1. Suppose we filter 13, 47, 52 for residues that are open to solvent by 60 Å² or more (accessible area, probe 1.4 Å), at pLDDT 90 or above and either assigned to a loop (DSSP other than H, G, I, E, B) or over 30 Å from residue 125 (Cβ atoms) (or both); which single one remains?
2. For segment 55-71, name all the residues that are open to solvent by less than 40 Å² (accessible area, probe 1.4 Å) and in a loop (DSSP other than H, G, I, E, B).
3. Given the criterion open to solvent by less than 70 Å² (accessible area, probe 1.4 Å), out of contact with any helix residue (DSSP H, G or I) (no Cβ under 6 Å at 6 or more places or on another chain), under 17 Å from residue 117 (Cβ atoms) and modelled with pLDDT under 90, identify the matching residue among 3, 100.
4. So, in segment 103-130, of the ones that are open to solvent by less than 30 Å² (accessible area, probe 1.4 Å) and assigned to a loop (DSSP other than H, G, I, E, B), which residue ends up nearest to residue 34 (Cα to Cα)?
5. So, in segment 21-32, of the ones that are assigned to a loop (DSSP other than H, G, I, E, B) and more than 19 Å from residue 49 (Cα to Cα), which residue ends up modelled with the lowest pLDDT?
6. Filter segment 76-97 down to the residues that are open to solvent by less than 20 Å² (accessible area, probe 1.4 Å) and in contact with a Cys (Cβ under 9 Å, 6 or more places away or on another chain) and list them by number.
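The values are calculated or read from the model by the stated rules, or taken from the named source; none is laboratory data. Quick caveat: nothing in here was measured; it's all calculated off a predicted structure. Glycine gets a Cβ as well: all are built from the backbone with ideal geometry, and neighbour counts include every protein chain shown. Just so you know, the surface numbers come from the protein's heavy atoms only, side chains and all, with ligands and any DNA or RNA stripped out. Shrake-Rupley method; radii C 1.70, N 1.55, O 1.52, S 1.80 Å.
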Amino acid sequence: WECDADRAAVWERLRNPAFAPRELALVCDGLPAPPVSGDASESGDSRPATARCRLYALNRVQVEVQSPAGGLLVVGDTWYPGWRATLSGRDAAVRLVDGCLRGVFVPGGRHRVEFVYLPTSFRVGLYVSLVALTGLVAWLAAHALQDPRLRSRPGHRSPD
């Protein structure tokens with residue numbers, strides 16, 4: 001992989017017929033690449049890295065990764081703000097790869113990467129809706145207690 005903050009330059013490289021997306025991933029979000037834990041040749045482990053999709057749902061993807069050396073896991077789905085990732089249960093940065101895909105840097109070893117789509121707008125909307133619903137219930141309860149028809153029901157004690 002290569003990191004390049006200049007999206008125009010990344011798109012220009014992607015348009016080049018000589019570009020080989022299976023051999024090189026262009027991370028174009030402007031964030032630095034994390035240090036990778038060694039090279040497979042250094043560890044003496046010649047096994048290839050594997051990635052197995054364990055769950056693929058509308059807003060959630062789980063992938064198990066086994067790699068002798070660290071690398072970049074690229075999921076062939078569209079990157080969009082609101083995607084979050086965890087790497088073996090810890091928060092991980094979702095990276096913009098090749099101008100439109102999602103990726104996560106993964107250290108060597110066995111890891112579970114989970115992507116969850118939870119945009120900020122959804123959380124804010126949920127919070128506002130819950131506050132509005134609470135206010136509506138409180139308003140209805142206050143008005144119901146003031147209704148004289150409800151106070152004169154049989155078995156209802158009047159506060160008078």
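1. Within the list 13, 47, 52, the selection yields 52.
2. 68, 69, 70
3. Matching residue, one of 3, 100: 100.
4. Per the stated criteria, the residue is 108.
5. By that ranking, first place goes to 32.
6. Listed by number, the residues that qualify are 95, 96, 97.
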